[in-house]
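Working notes, beginning with the structure itself.
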Amino acid sequence: MSRSTASGPGSTLARGPVGPALDAAAPPPHPAARAASGSGSDQRAPAGPASVPGTAAPPALRVVPARHPGRIVLTVLVAIVVAAVAWSFLTNPRWEWGVVGSWFFAESILRGLAETLRLTVLAGTVGFGLGLVLALMRLSSSPLVSGVSWTFSWVFRSTPLLVQLLLWYNLGYLYERITVAVPLTGATLIDARTSDLMSPMLAAVLGLGLHQAAYAAELIRGGILSVDQGQLEAASALGIPARDRSLRIVLPQAMRAILPTAFNEIIGLVKGTSIVYVLAHAELFFTVQLIYGRTQQVLPMLLVATLWYVVITSLLSIAQYYIERHYARGAVRTLPPTPLQRLRARLGALRPIPSGAGA
């Protein structure tokens, strides 16, 4: 039995069996209705992905690690070079490691080391203290103040450090006496011969400190300029005084840009103290020179000085890491792990998991 269905103009005539057409147009029955249709009816399992008869299942994918042949070759070459250098240090008898060990903690060497550290602290304090003042002067809106700061940096960066040390030590040739008096009172604070005041220690501190101040002023100025201008504008809008804006808002943010270069300058200052030997000041390098001039053991004594410089710079590098990590707070979401934390994590990864721990 068939049925003809006609619609309005433009429609087509559809002919076909009534039952199948109605079944196709009807919505699928509810699962509860299918369950209640009787126990004898066929209950089919949900249809899974269709599989073509006669075809095998695709093989499981195998994860292959990325290969880096260039990295492996470079690692092998570097390992060979490091092993060759270490073998040369350990097996060449001309290094005279016994002499190095006997002089490393000698009293004269330790006195020279203490003098090197004292020079570094004093010159660094003068250099970075004056450098901060010069940096703020350079940023001043006064042409005279800014010009004086620029001229200072220009003069002391253009003159070699050795020349500056010799000029300060021979200042008595230019000015026989140094007099410091209170204006309009006649009171004299200092009145002495320049040659008596200008000791090798004072000449070294002035030469190293003023030379360092010229470079410190530029790196501090660059760090201050790296802070977003919106920080100052927001602080000004809140009515914060200019001094607090500079010391409590701008400078802490500028420290993140200043610290890496500042520590490089301090490490360079530690090694730069060795040039003070021209003033016959008994720092580490001058002391080593006196010893090998008497014993003729040149290379072992130079190695003693080198190892002490390595120790000092290594300690400064460790301090730099932790200070930079301190000032990174608020700028990064997660602070980088310390070397001790990295070591604990690696030891924890290598530790075997006990049986039954995952149950």
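Tabulated data
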{"read-out": "Given (1) open to solvent by less than 60 Å² (accessible area, probe 1.4 Å); (2) of a type outside the set (Ser, Thr, Tyr); (3) assigned to a helix (DSSP H, G or I), number of the condition Asp196 does not satisfy", "value": "(1)"}
{"read-out": "Top-ranked residue in the range 215-274 [being of a type in the set (Val, Ile, Thr), more than 30 Å from Gln164 (Cα to Cα) and over 19 Å from the mean Cα position of the chain (by Cα); ranked as surrounded by the most Cβ atoms within 10 Å (Cβ to Cβ)]", "value": "Val250"}
{"read-out": "Test set (1) within 27 Å of the chain's Cα centre (by Cα); (2) among the charged types (D, E, K, R); (3) within 30 Å of Arg193 (Cα to Cα) - Glu115 fails condition number", "value": "(1)"}
{"read-out": "Pair list, Cβ < 7 Å and 6+ apart or interchain, from the range 254-275 residues that are of a type in the set (Ser, Thr, Tyr) to residues that are open to solvent by 40 Å² or more (accessible area, probe 1.4 Å)", "value": "Ser274/Phe285"}
{"read-out": "All positions within the range 325-346 that are open to solvent by 60 Å² or more (accessible area, probe 1.4 Å) and part of a helix (DSSP H, G or I)", "value": "His326, Tyr327, Pro339, Leu340, Gln341, Arg342, Leu343, Arg344, Ala345, Arg346"}
{"read-out": "Restricting the range 177-193 to residues that are out of contact with any strand residue (DSSP E or B) (no Cβ under 9 Å at 6 or more places or on another chain) and not small (Gly, Ala, Ser), the residue that is most open to solvent (accessible area, probe 1.4 Å)", "value": "Leu184"}
{"read-out": "Test for Gly209: is it in contact (Cβ under 8 Å) with a residue 24 or more places away in the chain, on the phi < 0 side of the Ramachandran plot, open to solvent by less than 50 Å² (accessible area, probe 1.4 Å) and in a helix (DSSP H, G or I)", "value": "yes"}
{"read-out": "Residue in the range 147-170 that is over 20 Å from Tyr309 (Cα atoms), in a loop (DSSP other than H, G, I, E, B) and either aliphatic (A, V, I, L, M) or at pLDDT below 90 (or both) present", "value": "no"}
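The values are calculated or read from the model by the stated rules, or taken from the named source; none is laboratory data. This one's a predicted model, so the numbers in the text were calculated from it and none came from an experiment. Backbone-built Cβ (ideal geometry, glycine too); neighbour counts: all protein chains shown. Heavy atoms of the whole protein, side chains included, go into the accessibility calculation; ligands, DNA and RNA do not. Shrake-Rupley method; radii C 1.70, N 1.55, O 1.52, S 1.80 Å.
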